[in-house]
């Protein structure tokens, strides 16, 4: 049988988590916290689980949750989403990304992504029959070269995928970026898919910029957000997509045949928690900046070089003063021989740039970060 994805293997996140487990290494690779979600949220989940909210919820998500989502994006981004026609709850952000791509990309269409790019983008484009066009981010800031974007556009360009805060780099898009993007696609039939799952993890007094806040882009965009990231509950796989009605209609055509709907009792619980505890999201930037700052302070006397991450719960570390190994080899050495697992950037590039950079996850207990840093500082 001929594979539909002949060049795709097991995702690097799964590979590294298993490798960390096999070698009893400290896992700073896959992006999940080693602390739990809020107690009140767990109470609500238990309540609704035992309140017999265990049957199919509506395909688009329970009304109460969609209403809370609409309220939240208005409060944060000034976007008045219609909860009935523009908000769709999904089984994780990866599903939402897949649905959006399948909804609008056809055979022969081109989709622009920015390397290093999250590894689900290109396989989703390939399954839709499209071609992924890779544009590397400009280093060391990991910023977008908008002139190169404009030069890459042609009649086949259908979609541009942006990601801010950026995984794995931690860089942020600002107002000037959105103005450049809007100008480039103003006269074109090109849509935007905005991956904003780390929206609440932005540091140093900066604010997350969403496509929903832009007067032009909001009418041409799918915006994807994650409850798992926000509530320290990545295993629940619950997220949502906001898009104008015409785009949401196409999105839902795909969603209904991928997962149809998402876990019922968790939706009820999150709807109540958003209403009861809006301060949770408001406090996340300070919570995670403290984690970032602590990890960076632990690493300041190491031979790694770095600039503190602007967002996400990931920190890039450059090991060029430590080893000449490529990032895949050095990461394996670090995991197997030293007992700390990270993520190399090579799998996120179409063409590996030869940089000696690894991604470390700092959404961990302080004791975990301390153990890892002690090992890393000895290199």
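Of the residues that sit in segment 184-217 and are farther than 25 Å from residue 120 by Cα and touching a residue at least 60 places away in the same chain (Cβ under 8 Å), which one is surrounded by the most Cβ atoms within 10 Å (Cβ to Cβ)?
The selected residue is 203.
Among the residues of segment 79-110 satisfying the criterion of being under 22 Å from the mean Cα position of the chain (by Cα) and in a loop (DSSP other than H, G, I, E, B), which is farthest from residue 64 (Cα to Cα)?
Filtering segment 79-110 for residues that are under 22 Å from the mean Cα position of the chain (by Cα) and in a loop (DSSP other than H, G, I, E, B), the one farthest from residue 64 (Cα to Cα) comes out as 105.
Which one of the conditions (1) assigned by TED's automatic domain parsing to the domain that holds residue 153; (2) out of contact with any strand residue (DSSP E or B) (no Cβ under 8 Å at 6 or more places or on another chain); (3) surrounded by 15 or more Cβ atoms within 10 Å (Cβ to Cβ) does residue 47 fail to meet, given that it meets all the rest?
(3)
Can you name the condition, by its number, that residue 119 falls short on among (1) in a loop (DSSP other than H, G, I, E, B); (2) more than 23 Å from residue 12 (Cβ to Cβ); (3) touching a residue at least 40 places away in the same chain (Cβ under 8 Å)?
So residue 119 meets the others, but not (2).
Across segment 347-365, which residue is farthest from the chain's Cα centre (by Cα) among those that are surrounded by 14 or more Cβ atoms within 10 Å (Cβ to Cβ) and closer than 22 Å to residue 284 by Cβ?
Ranking the candidates gives 364 first.
Taking only segment 299-328 into account, find how many residues are outside any loop (DSSP other than H, G, I, E, B) and either more than 22 Å from residue 117 (Cβ to Cβ) or assigned by TED's automatic domain parsing to the domain that holds residue 134 (or both).
If we filter segment 299-328 for residues that are outside any loop (DSSP other than H, G, I, E, B), which is where we start, we get 299, 305, 311, 314-318, 327-328.
Then keep just the ones that are either more than 22 Å from residue 117 (Cβ to Cβ) or assigned by TED's automatic domain parsing to the domain that holds residue 134 (or both); that gives 299, 305.
Residues flagged as outside any loop (DSSP other than H, G, I, E, B) and either more than 22 Å from residue 117 (Cβ to Cβ) or assigned by TED's automatic domain parsing to the domain that holds residue 134 (or both) within segment 299-328 amount to 2.
Specify which of the listed residues (140, 116, 123) is crowded, with 24+ Cβ neighbours inside 10 Å and farther than 26 Å from residue 68 by Cβ.
116
Pairs only if they're at least six apart or on different chains, beta carbon under 6 angstrom, first in segment 123-151 and touching a residue at least 60 places away in the same chain (Cβ under 8 Å), second crowded, with 19+ Cβ neighbours inside 10 Å and assigned to a loop (DSSP other than H, G, I, E, B); list them, first residue then second.
Partner pairs satisfying both residue conditions: none exist.
Exactly one of these conditions fails for residue 154: (1) over 20 Å from the mean Cα position of the chain (by Cα); (2) more than 18 Å from residue 194 (Cα to Cα); (3) not in a loop (DSSP other than H, G, I, E, B). Give me its number.
Residue 154 satisfies all of (1) over 20 Å from the mean Cα position of the chain (by Cα); (2) more than 18 Å from residue 194 (Cα to Cα); (3) not in a loop (DSSP other than H, G, I, E, B) except (3).
Quick check on my filter: what residues within segment 78-88 are in contact with a strand residue (DSSP E or B) (Cβ under 9 Å, 6 or more places away or on another chain) and over 20 Å from residue 238 (Cα atoms)?
79
How about segment 150-181: which of its residues are touching a strand residue (DSSP E or B) at 6+ places or on another chain (Cβ under 6 Å), modelled with pLDDT of 95 or more and closer than 23 Å to residue 200 by Cα?
160, 161, 162, 163, 165, 170, 172
Have a look at 295, 260, 265, 304 and point out the one that is closer than 19 Å to residue 94 by Cβ and in contact (Cβ under 8 Å) with a residue 40 or more places away in the chain.
On inspection, the qualifying residue turns out to be 260.
Taking the conditions exactly as written (modelled with pLDDT of 95 or more, surrounded by fewer than 18 Cβ atoms within 10 Å (Cβ to Cβ) and in contact with a strand residue (DSSP E or B) (Cβ under 7 Å, 6 or more places away or on another chain)), does residue 71 satisfy them or not?
Spelling it out, it is not the case that residue 71 is modelled with pLDDT of 95 or more, surrounded by fewer than 18 Cβ atoms within 10 Å (Cβ to Cβ) and in contact with a strand residue (DSSP E or B) (Cβ under 7 Å, 6 or more places away or on another chain).
What do you reckon, is residue 253 assigned by TED's automatic domain parsing to the domain that holds residue 86, within 30 Å of residue 39 (Cβ to Cβ) and in contact (Cβ under 8 Å) with a residue 60 or more places away in the chain?
No, not satisfied.
The values are calculated or read from the model by the stated rules, or taken from the named source; none is laboratory data. Because the structure is a prediction, the values reported are computed rather than measured. Positions of Cβ are generated from backbone atoms using ideal geometry, with glycine treated the same way; all protein chains shown enter the neighbour counts.
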